[in-house]
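Asker: The structure follows.
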Amino acid sequence: GGSGQLIASGSQGERYGWVLATGGDVNGDGMSEIVFSHRNVENINAWTTSLTLLSEQDWESLDIQVGGVIIDADLEVGPDGDSFILITNESNNIKSTILMRQDVDSTASPRWVQTEITSLLGNGEIEAEIVVDGGGQVWVVAITETNDADGSVSRLTAFKPEISWVLMSNVLAYAGDIGSFPAIAVDENDMMHIAFHDKGTSRLWYSVESSTGWVT
């Protein structure tokens, strides 16, 4: 480019950039690093030498149109740097949880793909959480609250990224204030651990997935 960037400066005697190395990609992220030396004074008669490593960063600003009114949003980044955004929005009296992920292809800027996870009509409420495991797989939990003949029902909906999205739905409790602030984690056996709050009694609920079902 036609403009420069000041990356370091020091006082007389510190000799910033006396030795400089560049043109390499130290950590394999596709961005260049610069290493330069400078001197630190320990006392009036002694200097110690330090090396500073600077890494180039590539920031991208995107404007993603999702429509409606966003109620909540969550962001996760996978081990390979892929980004995943989970939003809950409301449009035309429908609340939806939408997963947005980068579709990595050969283009310079990957496109974003939207997948609707769950939706509710009318006065239903949704709270959702996302987590990415060490293998880069995305897991989503949504706790929905709807009204039926028995009153308010809080329903746990968990999504596992197998061949396609797999929906497992379990009614964990019947109460008006159960299901807020859901949190999700995945263990080394690809089993989900889910916690959520009961505002009515100030209790914390904890659900663990096993090969035979769920224990709450």
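The values are calculated or read from the model by the stated rules, or taken from the named source; none is laboratory data. Every value quoted in this text rests on a predicted model; they were computed, and no experiment measured them. All Cβ positions, even for glycine, are placed from backbone atoms using ideal geometry, and neighbour counts span all protein chains on display. Quick note on the areas: whole protein, heavy atoms, side chains included, nothing else; ligands and nucleic acids left out. Shrake-Rupley method; radii C 1.70, N 1.55, O 1.52, S 1.80 Å.
Asker: I need the full set of residues from the range 67-101 which are part of a loop (DSSP other than H, G, I, E, B) and open to solvent by 20 Å² or more (accessible area, probe 1.4 Å), in order please.
Answerer: Matches in the range 67-101: GLY67, GLY68, PRO79, ASP80, GLY81, ASP82, ASN92, ASN93.
Asker: Something else now. Given the conditions (1) more than 24 Å from ALA73 (Cβ to Cβ); (2) in contact with a strand residue (DSSP E or B) (Cβ under 7 Å, 6 or more places away or on another chain); (3) charged (D, E, K, R); (4) modelled with pLDDT under 75, report the number of the one that GLU162 does not fulfil.
Answerer: (2)
Asker: Something else about it: Among residues belonging to the range 29-44 that are over 18 Å from GLY10 (Cα atoms) and open to solvent by 60 Å² or more (accessible area, probe 1.4 Å), point out the one that is modelled with the highest pLDDT.
Answerer: GLY30
Asker: Starting from the range 103-119, take each residue that is open to solvent by 90 Å² or more (accessible area, probe 1.4 Å) and list its partners that are of a type outside the set (A, V, I, L, M) and modelled with pLDDT under 70, counting only C-beta distances under 7 angstrom and pairs at least six apart or across chains.
Answerer: These pairs meet every condition: VAL104/PRO110; ARG111/ASP103.
Asker: Just to check your reading of the model, which residue among GLY122, GLY213, GLY176 is open to solvent by less than 50 Å² (accessible area, probe 1.4 Å), modelled with pLDDT under 85 and closer than 15 Å to THR97 by Cα?
Answerer: Sole residue among the options that is open to solvent by less than 50 Å² (accessible area, probe 1.4 Å), modelled with pLDDT under 85 and closer than 15 Å to THR97 by Cα: GLY122.
Asker: Tell me which residues, restricted to the range 12-26, are open to solvent by less than 80 Å² (accessible area, probe 1.4 Å) and assigned to a loop (DSSP other than H, G, I, E, B).
Answerer: GLY13, GLU14, GLY17, ASP25
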